[in-house]
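Here the structure is laid out as structure tokens; the discussion comes afterwards.
Each reported figure results from applying straightforward, stated rules to the coordinates on display, with no laboratory input. Remember, predicted model here, so these are calculated numbers, not experimental data. No Cβ is skipped: glycine too gets one built from the backbone with ideal geometry, and neighbour counts run over all protein chains shown.
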Amino acid sequence: MPEQKRMGDANKITRDFFDALLVEMRHIDAILPDTTLHLYGETFSTPVMMAALSHLDSCHPDGMAEMARGAKAANAVNWAGMGDEAELTRITATGARTIKIIKPYADNERIFKKIAHAEACGCLAVGMDIDHAYDHAGEYDVILGERMSGKTLDEIKAFIQATKLPFVMKGVLSVRDAAKCLEAGARGIVISHHHGIMDFALPPLMALPGIAIEVNGQIPIFVDCGVENGYDVFKALALGATAVSVGRAIMGPLSENGASGVTKAIIGMTSQLKSMMARTASTDVASIDPDLIYLTFPGLSSHEWTRII
């Protein structure tokens with residue numbers, strides 16, 4: 001049983017998949033790359049975003065707002081997960097452009113109220129993490145005493161229609177769900193397995209190319225789970241992501257140095273991304289060629305490597 005659990009660890013599978021992706025170099029006609037991200041009518045310095053984290057007080061007093069200050073200083077998109085209205089008010093008061101992700105509460109009226117509050121706070125966008133409806137026993141999840149439930153396509157359409165903000169669906173890990181999100185009118189999706197919420201879950205970057213084909217540029221595609229550095233970000237962008245969220249990799253810097261640590265981490269990852277772009281003749285974040293990426297595994301000879309797309 002312990003061995004079975006280890007083999008099914010979606011976080012380990014995801015890390016191994018990141019590391020199995022190799023990148024070819026291209027130098028002729030390369031120029032200094034531009035890491036600018038254009039999103040929902042606004043401009044940011046980097047496609048490296050914060051993840052939709054929650055409950056960061058163990059990292060830093062008022063950790064969610066402190067993370068937002070770090071994102072603001074780096075001119076990066078901030079995300080916010082589970083938390084009350086007072087916390088979201090503090091987060092948005094920092095000036096960080098924030099995407100608020102709401103849990104799939106069983107009480108839909110609570111969801112509508114949180115959507116309205118996110119809009120009132122001036123969030124950049126709002127959304128829901130649909131992957132947190134069930135627990136490991138296959139029952140509706142209960143998070144900090146709050147009961148969750150699955151959502152139908154009609155319910156999701158109602159949430160989307162309740163706001164003028166772009167609505168983002170988080171926890172998409174299949175072409176099927178991506179197509180349903182488009183049908184519902186979502187204006188963004190996050191490809192994610194919620195830090196291994198399901199054993200044997202696909203690595204997000206394995207699901208990404210097929211979902212990108214389905215979406216066909218109609219809405220932004222975001223990726224999270226296991227992103228540790230700018231090289232991971234580059235690989236995600238090459239395979240079809242618009243931008244990438246970083247969670248646990250910024251928690252250490254947040255704990256050690258607060259907002260300045262977060263800012264430094266974002267800038268450092270962006271520098272790693274820029275170095276990969278420069279050495280692959282990638283001019284901007286929207287034009288990184290998927291043909292740069294090869295998939296290999298330990299033990300394979302070079303003629304057995306293959307492009308992932």
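Can you spot the aspartates and glutamates whose alpha carbon is less than 17 Å from Lys72's alpha carbon? Ignore those fewer than 8 places along the same chain.
Straight-line reach from Lys72, under 17 Å: Glu42, Asp62, Glu87.
So for the chain: antiparallel DSSP bridges make up what percent, rounded to the nearest 5?
Roughly 35 percent of the beta bridges in the chain run antiparallel, per DSSP.
What's the local net charge at Phe17, with K and R +1, D and E -1, over the other residues with C-beta under 11 Å away?
My count for the surroundings of Phe17 gives 0.
For Met169, what is the net charge nearby, where nearby means another residue's Cβ is under 15 Å from its Cβ and Lys, Arg count +1, Asp, Glu -1?
Once all neighbours under 15 Å are counted, the net charge is 0.
In whole angstrom, and with the biggest value first, how far do the Cα coordinates of the chain range along each principal axis?
56, 44, 38
Please give the net charge around Ser260, taking every other residue with its beta carbon less than 11 angstrom from that of Ser260, where Lys and Arg add +1 and Asp and Glu add -1.
With Lys, Arg at +1 and Asp, Glu at -1, the net is 0.
With +1 assigned to the C-beta of every Lys and Arg and -1 to the C-beta of every Asp and Glu, and no other charges, what is the dipole magnitude of segment 2-293 about the Cα centre in debye, to the nearest 20?
460 debye
So what's the gap between the Cα centers of segment 101-158 and segment 233-280, to the nearest angstrom?
28 Å
Pairing the Cα long axis of helix 108-120 with the longest principal axis of the chain, what angle in degrees results, from 0 to 90 and rounded to the nearest 10?
So the inclination is approximately 70 degrees.
Working from Cα positions, state the angle (0 to 90°, nearest 10) between the long axis of helix 248-278 and the longest principal axis of the chain.
40 degrees
Mind pulling the angle between the C-alpha long axis of helix 10-20 and the longest principal axis of the chain? Nearest 10 degrees, somewhere in 0 to 90.
30 degrees
With a 10 Å Cβ neighbour count serving as the proxy for reagent exposure, in which order, fewest first, do His132, His38 appear?
Ascending Cβ contact count within 10 Å gives the list His38, His132.
Using DSSP to define loop residues, name the GluC sites (Glu not before Pro) in segment 104-185 whose beta-carbon has at most 14 other beta-carbon atoms within 10 Å.
Glu139
So for Ser54, Ser287, fewest C-beta neighbours within 10 Å to most, what's the order?
Neighbour counts put them in this order, fewest first: Ser287, Ser54.
Mind checking which lysines have their C-alpha under 29 Å from Lys157, skipping anything on the same chain fewer than 8 residues away?
Straight-distance partners of Lys157: Lys100, Lys103, Lys113, Lys114, Lys170, Lys180.
Using Cα pairs closer than 8 Å and at least 6 residues apart in sequence, work out the relative contact order for the chain, in percent.
Worked out over the chain, it gives 24 percent.
Sorted from fewest to most neighbouring beta carbons within 10 Å, what does the list Ile213, Ile91, Ile160, Ile191 look like?
Taking fewest neighbouring Cβ atoms as first place, the list is Ile213, Ile160, Ile91, Ile191.
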